[in-house]
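These notes concern the structure reproduced below.
Just so you know, all these numbers are worked out from the coordinates, no wet-lab data involved. Every value quoted in this text rests on a predicted model; they were computed, and no experiment measured them. A quick note on method: Cβ atoms are made from the backbone with ideal geometry, for glycine too, and the neighbour counts reach across all protein chains shown.
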Number of protein chains: 2
Amino acid sequence: MSLFSHDIKTMDDLFVHQLRDIYYAEKQIVNALPEMIQKAQDPTLKQGFETHLGETKNHVKRLEEVFRLHGKEAKGVDCPAIDGIIEEAEDVAGEVEDKQVLDAALIAAAQDVEHYEITRYGSLVAWAKQLGRGDCANLLQQNLEEEKATDKKLTSLAESAVNRKAA
Amino acid sequence: MSLFSHDIKTMDDLFVHQLRDIYYAEKQIVNALPEMIQKAQDPTLKQGFETHLGETKNHVKRLEEVFRLHGKEAKGVDCPAIDGIIEEAEDVAGEVEDKQVLDAALIAAAQDVEHYEITRYGSLVAWAKQLGRGDCANLLQQNLEEEKATDKKLTSLAESAVNRKAA
């Protein structure tokens, strides 16, 4: 991890570094989602994860387009934040037997991931604008909107589980 | 890390475990903020971090009250997600010399922390309600609202930096 190492001197350096951070994160999420799909019990949750896997693959492509527009190599950097978040998310595949508890844990883990992405894309959009890269900002904003929509869907699923329990 | 280990069988187990996760996280944030206060260049950002340190100490106390109400021991559990996020945040103390870049990096790191807390408190409030613990839900909601307000302030600071740059 070298987020704030010697090679970050300008806003452009910071932008490119964090772009590589989220590029690494999106790829890790593509790897992590199939197990979450397999473990999800509620059909709506399972379908939601499947849809989000497709979206996430598309986010990787959009990021590659941002790198191309900005004239930088598309590559990832290690990021202990997303590694830690995904480590927790993957543990969902563990030992919870009760279906309701498993889904609740999966939803919470997925929301941790979404919120990390939402905050990272929020900064990147602001920095792209600051750097006069409206073209990059537009693409990053599209990824941001899809992450926000996924987070909202997960909240609805969590709430509907609460309501089912109360009914 | 044993988030989904054998000892999580019920929604109550999951609730208590994640309560211990955020309790650990809040204490780590209390430890991390003084260095961020010291490093912040913009006086409004510095003051914002100072205010949030006071709020965070209060969040720890509210969590101890939640543990008490729920009849469980107030203790933390290791959590690689917040450890990773804080590892990145602490690296802000590193090698960035440009003041504007340093503040931008500090704001982004702080927002990573806030979003982790927002998602964690969001789940905890929902689960407290599901478990019929309205008293705990109310206290957790207070922490959630303060985290959201802090995140909003950080977004404003990030945007005003962009506007200053554009002016």
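With the convex hull of its Cα atoms as the shape, the range B:74-145 has an orientation-averaged projected area of 5.9 nm².
Here the range A:1-149 is treated with +1 on each Lys and Arg Cβ and -1 on each Asp and Glu Cβ, and its dipole about the Cα centre works out to around 820 debye.
By count of other Cβ within 10 Å, fewest leading, how are B:MET36, A:MET11 ordered? Let's see the in-between values first.
On the way: B:MET36 24, A:MET11 18.
Fewest-to-most Cβ neighbours within 10 Å comes out as A:MET11, B:MET36.
In the range B:1-91, which trypsin sites (Lys or Arg not before Pro) are in a loop and have at most 16 other Cβ atoms within 10 Å, using DSSP for the loop call? Sparse-neighbourhood loop trypsin sites (Lys or Arg not before Pro): B:LYS9, B:LYS72, B:LYS75.
Relative contact order of chain A, taken over Cα pairs closer than 8 Å and 6 or more residues apart, is 27 percent. Note on the protein assembly as shown: Kirkwood radius taken over Cα pairs, Stokes-Einstein applied at 10 °C and 1.306 mPa s, translational D equal to 79 µm² s⁻¹.
Each copy carries a label point for A:ALA149 at 7 Å from Cα along the beta-carbon vector; from one copy to the others these points are 3.3 nm apart, nearest first. Computed per residue of the protein assembly as shown from DSSP H runs no shorter than four, each worth -39500 (n - 2.57), the mean residue ellipticity at 222 nm is -28500 deg cm²/dmol.
Given that compact globular proteins tend to follow 2.2 N^0.38 Å, what is the ratio of the alpha-carbon Rg of chain B to that value? Before the final figure, lay out each step's value.
Numbers: Rg = 17.0 Å, N = 167, 2.2 N^0.38 = 15.4 Å.
Dividing the Cα radius of gyration by 2.2 N^0.38 Å gives 1.10.
Of A:SER123, B:SER156, the sequence from fewest to most neighbouring Cβ atoms within 10 angstrom is B:SER156, A:SER123.
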